[in-house]
1. From 103, 110, 144, 123, which residue is hydroxyl-bearing (Ser, Thr, Tyr), more than 20 Å from residue 270 (Cα to Cα) and surrounded by 15 or more Cβ atoms within 10 Å (Cβ to Cβ)?
2. If only one of 91, 127, 142 is over 24 Å from residue 182 (Cα atoms) and either within 16 Å of the ligand (Cβ to nearest atom) or outside any loop (DSSP other than H, G, I, E, B) (or both), which one is it?
3. Can we say residue 286 is in the same structural domain as residue 330 (by TED's automatic domain parsing) and either touching a residue at least 60 places away in the same chain (Cβ under 8 Å) or in a helix (DSSP H, G or I) (or both)?
4. Inspect all residues belonging to segment 175-188 and state whether any of them is over 23 Å from residue 256 (Cβ atoms), touching a Phe, Trp or Tyr at 6+ places or on another chain (Cβ under 7 Å) and surrounded by 21 or more Cβ atoms within 10 Å (Cβ to Cβ).
5. Give just the number: which of (1) under 16 Å from the mean Cα position of the chain (by Cα); (2) farther than 30 Å from residue 97 by Cβ; (3) polar (S, T, N, Q); (4) surrounded by fewer than 21 Cβ atoms within 10 Å (Cβ to Cβ) does residue 332 not satisfy?
6. Just give me the residues in segment 208-225 being under 15 Å from residue 117 (Cα atoms), within 18 Å of the chain's Cα centre (by Cα) and not β-branched (Val, Ile, Thr), in sequence order.
7. Given the conditions (1) touching a residue at least 12 places away in the same chain (Cβ under 8 Å); (2) out of contact with any Gly (no Cβ under 8 Å at 6 or more places or on another chain); (3) crowded, with 16+ Cβ neighbours inside 10 Å; (4) farther than 30 Å from residue 81 by Cβ, which single one is not true for residue 317?
8. Could you tell me whether any residue of segment 65-82 is assigned to a strand (DSSP E or B) and more than 21 Å from the chain's Cα centre (by Cα)?
Amino acid sequence: MLPRVLRNLVGTSSMNYSIPRALVIAFGLGLASGNGAWAQSAAAPGAAGAAYQEMPAIAPIGVRVDRYLPLPHPAAVPPVDPAKGYRLQQLGGGLYMVTDNGYQSMFLVYDKGVVVVDAPPSYSAHLKQAIAEVTDRPITHLIYSHAHIDHIGGAADLGGHPIIIAQEETGRLLARSNDPKRPLPTVTFKDRYTLKVGSQVLELSYHGVAHEPGNIFIWAPAQKVLMVVDVVFPGWMAWSGFADAQDIPGYFEQVAEIDRIPFETLVGGHVDRVGTHADVREQLAFMNDVKSATRTALQTTPVGVGMDAADKANPWAVADNYIDRVVVKCVNTVTPKWQSRLAAYDVFIWSQCFAMQQSLRID
Ligand SMILES: [Zn+2]
């Protein structure tokens, strides 16, 4: 039967189990009706009960994994010298990537100095050493890709007083954080900023909220290198929740936007290598598969199946049960095609499907 509050809300006293419009609207629930058998469980209230039908083999969030899926391309990664803690990769034309095979940043050498883009704290203590392998010129500029501490929290390790450039939203967020490890930008911009130093150029542009407000595209036109952090993960599953995207529709648009830029090398800020257009298209294809699987699941999953009768008076529980079964369907639909194509697929597929249903219901 309907929760009493909702029964009153929709002005019906029907004893038949049906989903009130208010609940449909509140949770964006699918309208298919359920007639599955109620699962009887001896579990204590609130404890895990019997598994959902067709529960995926991939462990959901909160369940320990004995052994993760093997990585599909373990041999392709250039190693990091443990004594140095980083490796340097030439991107051409005086532009270099520094990475510890988990994080990525860049620096650009020009006739009088060096422009650094991001300073991940995981190796920022060695950034000056990495630059010194190439040049003894001083760091004159520092660009923040975005405000997150895991990408710029090593800024103070660079020393000196470089000109710090960021999008104005990044400036706002950093002012709020008031973190001495992330000094405030000295120059902010809204839409575009072109940094010309000697004969070198970096074009910074803002394409709206996807991962985080203020997250920018950094384009080196001469080198045909594009750096966009925390959006595309070449060869890998994105970090959970589409890389913690604050705006998932914006995130989908931004991945497509990245593909339209004529780069030859993409620096994504994470994982063990740079990316190509093929990597961007692969990720977009995966994302669209998750979206389509989730949309179908939202439309075809009956509400309330297998629930204890008493729990049907609890709209949060009804929604939780429905969303769980939508996510189960999404994982089952996407897994056969993608589990061997994206490294660490199993680690975050539940999170991607969960984030997708949330976005499709309410965005
Ligand atoms: Zn981030």
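The values are calculated or read from the model by the stated rules, or taken from the named source; none is laboratory data. Bear in mind the structure is a predicted one, so any value in this text is a computation, not a measurement. Cβ: placed from backbone, ideal geometry, glycine included. Neighbour counts: every protein chain shown.
1. On the way: 103 fails: more than 20 Å from residue 270 (Cα to Cα); 144 fails: more than 20 Å from residue 270 (Cα to Cα); 123 fails: more than 20 Å from residue 270 (Cα to Cα).
Of 103, 110, 144, 123, the one residue that is hydroxyl-bearing (Ser, Thr, Tyr), more than 20 Å from residue 270 (Cα to Cα) and surrounded by 15 or more Cβ atoms within 10 Å (Cβ to Cβ) is 110.
2. Details: 127 fails: over 24 Å from residue 182 (Cα atoms); 142 fails: over 24 Å from residue 182 (Cα atoms).
That would be 91, the only listed residue that is over 24 Å from residue 182 (Cα atoms) and either within 16 Å of the ligand (Cβ to nearest atom) or outside any loop (DSSP other than H, G, I, E, B) (or both).
3. Working: in the same structural domain as residue 330 (by TED's automatic domain parsing): yes; either touching a residue at least 60 places away in the same chain (Cβ under 8 Å) or in a helix (DSSP H, G or I) (or both): yes.
Criteria met by residue 286.
4. In the first step, residues of segment 175-188 are kept if they are over 23 Å from residue 256 (Cβ atoms); the result is 175-188.
Next cut, touching a Phe, Trp or Tyr at 6+ places or on another chain (Cβ under 7 Å) only: 185.
Checking which are surrounded by 21 or more Cβ atoms within 10 Å (Cβ to Cβ) leaves us with 185.
Yes: segment 175-188 contains one or more residues that are over 23 Å from residue 256 (Cβ atoms), touching a Phe, Trp or Tyr at 6+ places or on another chain (Cβ under 7 Å) and surrounded by 21 or more Cβ atoms within 10 Å (Cβ to Cβ).
5. Only one criterion is unmet by residue 332, namely (1).
6. 214, 215, 217
7. Every condition holds for residue 317 apart from (1).
8. Of segment 65-82, the ones assigned to a strand (DSSP E or B) are 81.
Pick out the ones that are also more than 21 Å from the chain's Cα centre (by Cα) and you get 81.
Yes, segment 65-82 has at least one match.
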